[in-house]
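Just so it is clear, none of the values below were taken in a lab; they were calculated from the coordinates. This is a predicted model, so every value here is computed, not measured. Cβ placement follows ideal geometry from the backbone for every residue including glycine, while neighbour counts extend to all protein chains displayed.
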Amino acid sequence: MNEFSQQIAADLPQDGKPRPEWVRALRDGAADQFRAHGLPTRKDEAWKYTGLGALELRGTRLAIEEEASQSSFAAAVIEVEHQVRMLDGRMLELAGGLPAGVTLLSLDEAIKNDVTGNGVTGLQDMLESLPASKAKQLSSDGFSFLNTATLENGIVVHVAAGADGGRFLLNWSTTEGDARLFNSRVCVILEAGARLELLEQFESANANTSNANTNNVVFQAELGEGASLQHVRLQQESHDAGLITRTEVIQKAESEYAYYGFDLGGGLVRHDLHCSLVGTAAKASLNGAYLLDGSRHVDNHAKVDHMATDGFSEQYFRGVAGDSGKAVFNTAVYVHPGADGTEAKQSNANILLSRRAEIDTKPELEIYADEVIASHGATVGQLDEQAIFYLRSRGLNEEQARMILTTAFCQSVSDKLTDRKLSEAISQRMMDVMPQAQG
Amino acid sequence: MLKITNLHAKVAGKEILKGLNLEVNGGEIHAIMGPNGAGKSTLGNVLAGREGYEVTQGEITFNGKNLLELEPEERACEGIFLAFQYPVEIPGVNNTYFLRAALNAQRKYRGEPELDSVSFLRLVREKLNVLHIGDELLHRAVNEGFSGGEKKRNEIFQMAVLEPMLAILDETDSGLDIDALKTVAEGVNRLRSPDRGMIVITHYQRLLDYIVPDKVHVLADGKLAATGGAELALKLEEEGYAWLEDGGIGSITNENAAPAEAP
């Protein structure tokens, strides 16, 4: 275990708070694992291309519990009726009230309610069942262990059977100051036939000042039969900030999960996105765009486990890297024995705008079932010179031509959003940060 | 308007144009015909400024300016338009958005005010009406999934909106059936004007049944081997290009053995 991990382990607080026994056991167990294995290193296969040097270099320390001295938030990317403000991993407030059938609580409140018997159905099971990533080295799961070892902050959303929860915005911000690591847990439970749209925005309130904090968020969702979750994530953190997230989605029969992720900022970003299709005819659609400039690093690992019949999954990711930006993309599909009739599509295309930029993309596909339709493609290339000439021959200069082509390339992701207002707002954000081409 | 003097050009190190002279004035339509590999498309690409086409000798002036010193977009803004032989598909870029950006870039260059989306749409509808083209191509990505005929019509539509001074049609008839050919030719004829010059590059005479040229030139082995009126095209139709070699003008002996033109 390296010095950085040891420092974080040493910062793990001595816990004197009253908690239910199962929570204490969960926290202690994870703390032991973390002390034994630490954070991932490049020796872990899943972290081969992503080192944590940037966090260490900034002197990142584990945040210990304290009240924030100030709180400021970026303006919401679009107007949303129900908005939850998350500061330093803690739920601050909910604006806009709750639609019928929706329960929304801070995590510690939800756990307290659990003690009195008014808890959210399924919460304990969910928290206790965060699956291991099955990596060979346990350090691969270091951030998850750390997250569970400090389990306290976060949010729980429950939508009752058949209810339409509408759209919620989780607006994440951190208090500016020394580089700190904040842990938070999001739990989303949709009962059968329930529906919810979650829009997450990770953005520093003040775009002009540097913010070297890191959020470590574990997002768990369970979709009951026929439930539907649309999950949109806009990440436009400061260039010094870190964001480590893990999304675990369990899908029962005929449920639908749709993810649209936009990585437009952040210095060190890692997202592990994992769907388990445990019920028949479940559908997972994972889409994302990542735009890199400066020396930013964005690593997305997307994986779908098809564990039941007739499932459908698609992964559609587009990346653009300029300057000395570095993107890592790993897309995996695993079709388990018995998951007959599965259809799985994977598509990842990337454009390099500079010689110093780097993109590492790796598709993985393992099939152990029959009647499976699967396709995958991963490309890294430059802009089409024929297309550039065509645009120039009509009067657009080279810079405009390149901008139009890279924007269109990324818009193919935002265009998939059916809400035109949202897709246009995100498309505009992408245009604003589009990296420039250079030699 | 356009004056080409002793033009020599290389593609991939191979000399394709070998001393071409041509002058086009406003209101004139010039047809350039010739066998495959004679350098017809090279001429179009040199005029538009495509990379990889190296001019080794000679000069081209356009309205008195040295064209060879201009970037492709500057040439477009000066009023040169190339209708591509193979229009490029650009997924994700909306045709209307692209055309408005292009028109406004040209207007800006000329010091004219840019058009807002309302005025632009009005202009576009007017042009579509004149050309008898439906508006479905406005909503699609540039050339993406277009049939051959749709791509060529889109080129003519762009030309109508951009209103160039000199239009170069590079084998616009290739790959078109007779109905599409007529539509395209009709579009071109509607754009004929006393101020506008046109160069129609074609391999076959049939396009010239519908677009009647003022002059017909035969390009062979990188030079104009013959020039005449519209009747020259008919002679070519009857006799093919073989008479060129019989007359000892060209050195091309076999179309298949002719050097392939760069795309």
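Things to note:
- Spin-label pair B:Y97/B:K3, simplified geometry with 7 Å Cα→Cβ offset, distance in nm: 4.4 nm
- Residue order, fewest to most beta carbons within 10 Å, for B:S117, A:S324, A:S184: B:S117, A:S324, A:S184
- Cα gyration tensor shape for the range A:3-279, rounded if a/c is under 1.5, else prolate or oblate: rounded
- FRET E, pair B:Y204, A:R356, Förster distance 60 Å, beta-carbon r, rounded to 0.05: 0.75
- In order along the range A:54-61, the phi-based Karplus estimate (6.51 cos²θ - 1.76 cosθ + 1.60, θ = phi - 60°) of 3J(HN,Hα) comes to 4, 5, 5, 4, 7, x, 4, 10 Hz; Gly and Pro are listed as x.
- Efficiency of FRET from Cβ geometry, A:E128 and A:M1, R₀ 30 Å, rounded to 0.05: 0.70
- FRET efficiency, B:Q57 to B:N36 (Cβ-Cβ, R0 35 Å, nearest 0.05): 0.90
- Database remark: amide H of B:G19 closer than 5 angstrom to the amide H of B:L7, B:H8, B:A9 (H placed geometrically; neighbours at sequence offset of 5 or more, or on other chains; Pro and chain starts carry no H).
- Computed from backbone phi, the HN-Hα couplings of the range A:180-190 come to 10, 10, 9, 10, 8, 10, 10, 10, 10, 10, 10 Hz, rounded to whole numbers (Karplus: 6.51 cos²θ - 1.76 cosθ + 1.60, θ = phi - 60°; Gly and Pro given as x).
- For the range B:45-78 versus the range B:82-126, the gap between their alpha-carbon centres in whole angstrom: 22 Å
- Compared with the dominant Cα axis of chain B, that is its longest principal axis, helix B:95-109 is turned about 80°.
- Hz values of 3J(HN,Hα) by residue in the range A:350-360 - Karplus curve (6.51, -1.76, 1.60), Gly and Pro given as x: 9, 10, 9, 9, 9, 5, 7, 6, 9, 9, 10
- For the pair A:A161 and A:S210, the difference between a 0.36 nm per residue extended length and the Cα-Cα distance amounts to 13.3 nm.
- Positive-end residue of B:I201, B:G175, B:N25, charge dipole of chain B with Cβ unit charges: B:N25
- Cα gyration tensor category, rounded, prolate or oblate, for the range B:1-147 with a/c compared to 1.5: prolate
- Computed from Cα atoms, the angle from the helix B:178-190 axis to the main principal axis of chain B rounds to 70 degrees.
- Length available on full extension from A:K43 to A:E21: 0.36 nm per residue minus the Cα-Cα distance, which gives 4.4 nm.
- Cross-link reach list, lysines versus B:K235, counting only Cα pairs under 24 Å and skipping chain neighbours closer than eight places: B:K40, B:K182, B:K215, B:K223
- Placing +1 on the Cβ of every Lys and Arg and -1 on the Cβ of every Asp and Glu, with no other charges, gives the protein assembly as shown a dipole of roughly 960 debye about its Cα centre.
- Once you reduce the range B:151-210 and the range A:286-325 to the center of their Cα atoms, the two points are 44 Å from each other.
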